[in-house]
Amino acid sequence: MEQQEKKELLIVVDAGHGGWDNGASSSDGERLEKDDNLRLALQVQKELLCQGVPVLMTRDTDVFVSLQDRAAMANEAGADLFVSLHRNSFPRHTPNTNGVQNYIYLTAPESTERAAQLVLNQVVDVGVQSNWGVLRGDYYVLRRTAMPAMLLEMGFIIDAIDNILFDKHFYDYAAAIAKGVMEYFGLVYKERPERDPANTIEYVQNMVNNHFGLTIPLTGSFDESTRYGMIQALQMALNWDFGFQLEVNGQLDAATMAAIPNIQKNQQGNAILVLQALLWLNGYDAGPLDGKFRSHTFVGLCTFQKDNFIPARGIGDSHVIRKLLEE
């Protein structure tokens with residue numbers, strides 16, 4: 001009898017909400033759940049892929065995907081585990097509206113509970129305000145998926161400290177989720193001491209390439225080839241957003257400098273995406289690379305300005321752009 005080939009492991013990482021469905025939001029309305037979910041999902045994907053574990057994303061951009069399609073996608077792919085990532089909320093803030101929790105379906109078997117507990121344990125070990133444990137709930141993606149499934153609430157988006165922890169421990173949380181998933185399948189997670197900076201830069205290089213059709217080498221460092229490509233991206237963004245006819249030559253020449261407008265909060269477009277990418281390349285958290293200038297980008301820009309002795313107005317002008325592109 002011929003031996004069957006062992007099926008390759010497949011993990012579904014589901015970024016909750018998306019597109020017109022913002023999910024929950026912070027108390028000031030500036031921070032949207034869909035953005036935090038996607039950002040974390042993409043980092044979990046990178047963590048698992050770097051460990052050699054195949055991943056299927058239900059979405060990897062800011063688009064709406066129905067609950068039915070999310071479950072169907074996982075079922076049709078014959079996935080082995082479904083991990084849905086969310087931020088929690090509540091109609092009003094109370095002393096108890098903080099911390100993490102992991103949901104499984106009402107009648108989920110013990111094996112699913114074990115998977116959820118392993119992932120939650122790893123997240124809690126990183127550091128959280130409170131641990132609500134593994135809970136049972138009647139969520140569609142838990143009810144309609146054919147494999148073990150969990151819905152992980154990564155802190156309350158209406159709680160300021162939970163938001164600070166989410167940002168502070170972002171990379172460690174993503175690694176923790178990957179570790180828990182791998183532990184469930186008996187796999188050993190290989191620590192990567194220089195995981196954060198290199199992978200972040202490589203991710204930005206890849207995103208800029210995809211968006212602007214460039215070929216920046218995926219070096220994982222903010223090198224000369226990346227600077228050249230980022231200037232090309234800037235020139236293309238200025239042409240697309242403002243109707244300039246700049247030569248896309250990768251040179252920060254007088255014409256390019258003169259075309260740079262004041263980039264500020266509540267604007268959106270390709271130039272915002274370039275600003276976000278440059279902040280990330282310089283080691284500043286600018287939030288999702290989505291071309292939308294919201295509070296996360298504002299804070300990252302102000303921090304960069306303070307560190308470089310520039311008035312922290314949160315406005316990206318030609319002086320800021322030049323500074324971001326310096327060696």
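Only one of these is within 24 Å of Lys265 (Cβ to Cβ), touching a residue at least 12 places away in the same chain (Cβ under 8 Å) and among the aliphatic types (A, V, I, L, M): Ala108, Ala24, Ala15, Ala74. Name it.
On inspection, the qualifying residue turns out to be Ala24.
Identify all residues within segment 273-297 that are in contact with an Asp or Glu (Cβ under 8 Å, 6 or more places away or on another chain) and assigned to a helix (DSSP H, G or I); write none if there are none.
Leu273, Gln276, Leu279, Ser295, His296
Considering only segment 76-99, state which residues are touching an Asp or Glu at 6+ places or on another chain (Cβ under 6 Å) and not polar (S, T, N, Q).
Passing the criteria: His86, Arg87.
Only one of (1) farther than 22 Å from Thr61 by Cβ; (2) surrounded by 14 or more Cβ atoms within 10 Å (Cβ to Cβ) is not met by Pro288, so which one is it?
(1)
Taking segment 125-166, which residues are under 22 Å from Asp35 (Cα atoms) and surrounded by fewer than 17 Cβ atoms within 10 Å (Cβ to Cβ)?
Selection gives Gly127, Gln129, Tyr140, Ala160, Ile161, Ile164.
Values quoted throughout were computed directly from the atomic coordinates according to the rules given, and no laboratory measurement underlies them. From a predicted model like this one, the values you see are computed outputs, not experimental measurements. Virtual Cβ from ideal backbone geometry, glycine too; neighbours counted across all protein chains shown.
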